[in-house]
Amino acid sequence: MKIVVIGATGTIGKAVVAALEGRHEIVKVANRSGDLRVDIADTGSIRKLFERVGRFDALVSAVGKVHFGELAKLTEKEMAIGLNHKLMGQVNLVLIGRDHINDEGSFTLTSGILSRDPIRYGAAASLVNGALEAFAPAAAIELPRGIRINVVSPGVLLESMPTFGEYFRGHEPVQASRVANAYVKSVEGRLTGKVFDV
Ligand SMILES: NC(=O)c1ccc[n+]([C@@H]2O[C@H](COP(=O)([O-])OP(=O)(O)OC[C@H]3O[C@@H](n4cnc5c(N)ncnc54)[C@H](OP(=O)(O)O)[C@@H]3O)[C@@H](O)[C@H]2O)c1
């Protein structure tokens, strides 16, 4: 399969590439490096990316910024970061990518544990993750040509504990290689409309 991985240089993206690249052609996409570059917050940039990629069989998105901060001080502008980037960035990869994906292809997006297990300072992330997890099952009903869509919802990664550990006290961190298996299941299996909690 020809698989486009958005966020291929990130903590999750690198593990996904490692899990898939032995068996497939991988197009590694990131913002500042990679085979190709995109800004997922810019629909023009997404359109150009798909024109360069051509037809493909699967897209994995392991990308998305959100603002973490105290609810009492959270502004509309800060809330919009996650809505424009992690939520609509990934949704637009589907809305624009559906015209370029082959029959029976698949989209795999990334949400996160805060949809179901909230933490202090995480309201914006919970909002976006919940929206992504509601979008995929609904989109799965209507996507044409046997195209599938799933969301992977990882817990905090072991590899990210130095950065996020203090916000996730008591959470069971999960290794990137284990998270990557959920993306493999989504891409190489036949399930659709699912949220894979890891
Ligand atoms: N890490 C965790 O513990 C964890 C847990 C649950 C969910 N998640 C979610 O998983 C996703 C990826 O997390 P991560 O920790 O792997 O992130 P990361 O290590 O920061 O990597 C982010 C990746 O996205 C790319 N990127 C950044 N801005 C972009 C843009 N505007 N357009 C296109 N690509 C862009 C980066 O490319 P450049 O390096 O070129 O900028 C990089 O490849 C995020 O949505 C995050 O919320 C992460």
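The values are calculated or read from the model by the stated rules, or taken from the named source; none is laboratory data. Because the structure is predicted, anything quoted here is derived from the model rather than measured. So basically every Cβ, Gly included, is an ideal-geometry build from the backbone, and we count neighbours across all protein chains shown. Only protein heavy atoms, including side chains, enter the accessible area calculation; ligands, DNA and RNA are left aside. Shrake-Rupley method; radii C 1.70, N 1.55, O 1.52, S 1.80 Å.
Worth a mention:
- Of all residues in the range 103-146 being within 14 Å of the ligand (Cβ to nearest atom) and charged (D, E, K, R), the one that is farthest from Leu157 (Cα to Cα): Glu133
- Test for Ile26: is it within 15 Å of the ligand (Cβ to nearest atom), in contact with a Leu (Cβ under 9 Å, 6 or more places away or on another chain) and assigned to a strand (DSSP E or B): yes
- Applying the criterion of at least 1 residues that are more than 26 Å from Ser45 (Cα to Cα) to the helices (runs of 4 or more DSSP H) found wholly in the range 60-179 leaves 123-142, 161-164.
- Test result for Ala19, touching a residue at least 40 places away in the same chain (Cβ under 8 Å) and under 15 Å from the mean Cα position of the chain (by Cα): no
- Every residue from the range 29-55 that is within 9 Å of the ligand (Cβ to nearest atom) and either farther than 28 Å from Gly189 by Cβ or open to solvent by 70 Å² or more (accessible area, probe 1.4 Å) (or both): Asn31, Arg32, Ser33, Arg37, Asp39, Ala41, Asp42, Ser45
- Hits in the range 159-173 - residues which are surrounded by 13 or more Cβ atoms within 10 Å (Cβ to Cβ) and either without any contact (Cβ under 8 Å) to a residue 40 or more places away in the chain or more than 18 Å from Lys14 (Cα to Cα) (or both): Met161, Phe164, Gly165, Tyr167, Phe168, His171, Pro173
- Test result for Ser45, at pLDDT 95 or above and either in contact with an Asp or Glu (Cβ under 6 Å, 6 or more places away or on another chain) or of a type in the set (Lys, Arg) (or both): yes
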